Amino acid sequence: MAILELVVASNSRGVRLGDLANALDAPKSTMHALSRGLVSTGYLREADGRYLVGPAISSLLAVGPTTFQFAYRHILTELVEKWNETAMLATLVGESIVYVDSVQPDVLIRANPTLNKRISLWPRSSGKVFLAHMEPKRLEAYLRRQHPDPADADLVRAELDVTRSTGLGINIGQSVADHIGIAVPIRIGQSPVTTAIAIAGPKSRLDGHVDAIASDMRNAAAAIGS
C-alpha cells in the first residue's frame, strides 16, 4: 500500500525503483519483487524505468466509498447549511489525518481542506480526537517520536485529557491563524475511533458558537455511527 501511495502521489511522473527503496527504507530487491507483483496484477505499469498507476487502481477507487458516502454526505451538508462553515470527514491513517470529504459553504472566506493527503495529527482538532482515543501504548510511542521534550509532551497529554472528557477536539489558531477547528469522534460499536467530523472556519464567525455547533456535531456523529 505504501508503494501504491507513492506512485499515486507522483501523478504522471512515476517513481523509480531506487526512489521507492529510499522512501520506504527497504532493500531494492524487496521493492522490485513487490512492484513486479503490482505490475502483474495491473495496479501498476512500468515505462522507461518508472512505475506508474495501472488500470486496476480504478477498481479500488470504485469500491466501498459510494455506500459510506451516502451515509454521511447529507449529514455534512445539513451542518454546513445550518452553520455556514466547512464540514469535513477525517480519518486516521497511521499517524496522520486524511480528509476524505468536505462540504463547503458559499462564502468567500472559509476553510478549504486538502483532500486525500496525509497531514500531521497535532495540533488539528481531528488529530486531538484521534490521539485522545488512541490506545495508551500507541499514544506514548507517538509522543516519544513527535513530542520528545517532556514538558511539551505533558502539555499535549493535558489537552488530550480535556478532549477525552469532553469528547471535543478544539484547535484555536494553532494550525491556521484566526481560524477555529472543532472535531468530534464517530463511534461505531466498540471499534477504535478512526473517523471524525470536523467543522472549521474564521474565528470571527465561530467564536461564541462553539458549544452550539459541537452539540449539533455530536448528534451528526451519532447518526453516522448508528
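In table form, for the structure just shown:
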item	result
Any hit, segment 81-89, residues being surrounded by 12 or more Cβ atoms within 10 Å (Cβ to Cβ), modelled with pLDDT under 95 and hydrophobic (A, V, I, L, M, F, W, C)	yes
Whichever residue in segment 139-156 is small (Gly, Ala, Ser) and modelled with pLDDT of 95 or more and, among such residues, is surrounded by the fewest Cβ atoms within 10 Å (Cβ to Cβ)	Ala151
Segment 4-40, residues that are part of a helix (DSSP H, G or I), in contact with a strand residue (DSSP E or B) (Cβ under 8 Å, 6 or more places away or on another chain) and within 16 Å of Ile57 (Cβ to Cβ)	Leu4, Leu6, Val7, Val8, Ser35, Leu38, Val39
Some residue of segment 112-129 being in a strand (DSSP E or B) and surrounded by 16 or more Cβ atoms within 10 Å (Cβ to Cβ)	yes
Matching entry among Leu79, Leu143, Leu155, Leu121 (being under 17 Å from the mean Cα position of the chain (by Cα) and among the hydrophobic types (A, V, I, L, M, F, W, C))	Leu121
Output for segment 130-156, where each listed residue is basic (Lys, Arg) and either in contact (Cβ under 8 Å) with a residue 12 or more places away in the chain or under 23 Å from Tyr99 (Cβ atoms) (or both)	Arg138, Arg145
Answer residue from segment 97-111, given it is among the aliphatic types (A, V, I, L, M) and out of contact with any strand residue (DSSP E or B) (no Cβ under 8 Å at 6 or more places or on another chain) and is least open to solvent (accessible area, probe 1.4 Å) among those	Val107
Answer residue from segment 157-204, given it is open to solvent by 60 Å² or more (accessible area, probe 1.4 Å), free of Cβ contacts under 8 Å to residues at least 60 places away in the same chain and aliphatic (A, V, I, L, M) and is farthest from Pro105 (Cα to Cα) among those	Val162
Residue that is least open to solvent (accessible area, probe 1.4 Å) [pool: residues in segment 1-35 that are of a type in the set (D, E, K, R) and in contact with a Leu (Cβ under 9 Å, 6 or more places away or on another chain)]	Asp19
Tally of residues being hydrophobic (A, V, I, L, M, F, W, C), under 29 Å from the mean Cα position of the chain (by Cα) and under 20 Å from Ser12 (Cα atoms) across segment 32-47	3
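Condition check ((1) in a loop (DSSP other than H, G, I, E, B); (2) among the hydroxyl-bearing types (Ser, Thr, Tyr)) across all residues:
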{"site": "Gln174", "(1), (2)": "yes, no"}
{"site": "Gly181", "(1), (2)": "no, no"}
{"site": "Ser191", "(1), (2)": "yes, yes"}
{"site": "Ala196", "(1), (2)": "no, no"}
{"site": "Ile213", "(1), (2)": "no, no"}
{"site": "Ala221", "(1), (2)": "no, no"}
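The values are calculated or read from the model by the stated rules, or taken from the named source; none is laboratory data. What you see is a predicted model; the values in this text were computed from it and never measured. Note that we place each Cβ from the backbone using ideal geometry, even for glycine, and neighbour counts take in every protein chain shown. What goes into the accessible areas is simple: the full protein's heavy atoms, side chains included, and nothing from ligands, DNA or RNA. Shrake-Rupley method; radii C 1.70, N 1.55, O 1.52, S 1.80 Å.
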